[in-house]
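*Asks:* Structure below; questions to follow.
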Amino acid sequence: MPRLRRPLFGPPWALALAVAASGGCSRPSLPDRLWLEGTRLEKAKDWSNEEASSVVFVLPGETLPSASLQVGILMSRKHASAAELNRWIMHHYRESPTIRWGESTTEDEACKVGMNLHGDPRPFVALHLCRGDEGVAVCAEVDRRMTDADVRRCKGISQECWDEFCAERWETTRTNLERILDGVLKR
């Protein structure tokens, strides 16, 4: 089973995102290309099964699972509401081999802070936002490698520290996730 924590899809950015559509796909569909602040991200992986389809983008020259930035989009017709797809993602995330330091969720979004244990350990903060529209749900995630200073800031202190860390990240990431979702749902 694919790991869904990988961006699927959190960094502090004030950037413009543009999602470019691939030709000939039924609405909505996953993009073939993604730009971030004028930088074209490279498609690192895509997959599809009876539950969902996903695409993950990384900065040019980087690869999964160690890429510093991982932007992912997950779409499902089986889990057709934002809440249902969010629950499905969080179930798989909680089952993954990940050290979880902090987590905050609502019905249609989540902030996950921890360390990926696949390959080289990678501390991360990943924020995802989900929306549903006409029998299909889509979640977009921005997953960013955390610096050592970020980890030291809250590790071992309290869940409230991670909640504050997530709140700061949401301030600079939410608009970007909304733009990705708008781009996918309006295709």
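*Asks:* Rounded to the nearest 0.05, what FRET efficiency do Glu171 and Glu107 have when you use their Cβ-Cβ distance and R0 = 25 Å?
*Replies:* With R0 = 25 Å, the Cβ-Cβ based efficiency is 0.80.
*Asks:* Taking one equal scatterer on every alpha-carbon of segment 112-187, how large is log10 of I(q)/I(0) by Debye at q = 0.23 1/Å?
*Replies:* -1.03
*Asks:* Using only alpha-carbon positions, what ratio does the radius of gyration of segment 44-91 give when scaled by 2.2 N^0.38 Å?
*Replies:* 1.28
*Asks:* When His128, His118 are ordered from fewest to most other Cβ atoms inside 10 Å of their Cβ, what list results? Intermediate values should be presented prior to the final figure.
*Replies:* Values: His128 31, His118 15.
Ranked by crowding around the Cβ, least crowded first: His118, His128.
*Asks:* Along the charge dipole of segment 17-185, Cβ charges K/R +1 and D/E -1, which of Thr173, Ala44, Ala110 sits furthest on the positive end?
*Replies:* Going by the Cα projections, it comes out as Ala44.
*Asks:* Excluding residues fewer than 8 places away in the same chain, name every one of the aspartates and glutamates whose C-alpha is closer than 16 Å to that of Lys112.
*Replies:* Lys112 reaches Glu95, Glu103, Glu141, Asp143, Asp150, Glu160, Asp163, Glu164, Glu168, Glu171.
*Asks:* Let me ask something additional. Using the Karplus curve 6.51 cos²θ - 1.76 cosθ + 1.60 with θ = phi - 60°, what ³J(HN,Hα) values do you get for each residue of segment 74-81, in whole Hz, with x for Gly and Pro?
*Replies:* 10, 10, 8, 9, 6, 9, 8, 10
*Asks:* Moving on. Step through the residues of segment 150-155 one at a time and calculate ³J(HN,Hα) from phi using the Karplus curve (6.51 cos²θ - 1.76 cosθ + 1.60, θ = phi - 60°), rounding each to whole Hz and writing x for Gly and Pro.
*Replies:* Karplus values, whole Hz, x for Gly and Pro: 4, 5, 4, 4, 10, 4.
*Asks:* Restricting to Cα pairs below 8 Å that are 6+ residues apart, what does the relative contact order work out to for segment 120-170? Please round to a whole percent.
*Replies:* On the way: 41 pairs, mean separation 16.2, N = 51.
Averaging sequence separation for qualifying contacts and normalising by length gives 32 percent for segment 120-170.
*Asks:* While we're on this one: Please compute the Kirkwood hydrodynamic radius over segment 17-185, one decimal place, Å, based on all pairs of different Cα atoms. Provide the component values of the computation, followed by the final result.
*Replies:* Numbers: mean 1/r = 0.0615 Å⁻¹.
After inverting the mean inverse Cα-Cα distance, the result is 16.3 Å.
Taken together, the values in this text are just the output of simple stated rules run on the coordinates, not laboratory data. In this text the structure is predicted, and so the values were computed from the model without any measurement. We place every Cβ from the backbone using ideal geometry, glycine too, and count neighbours over all the protein chains shown.
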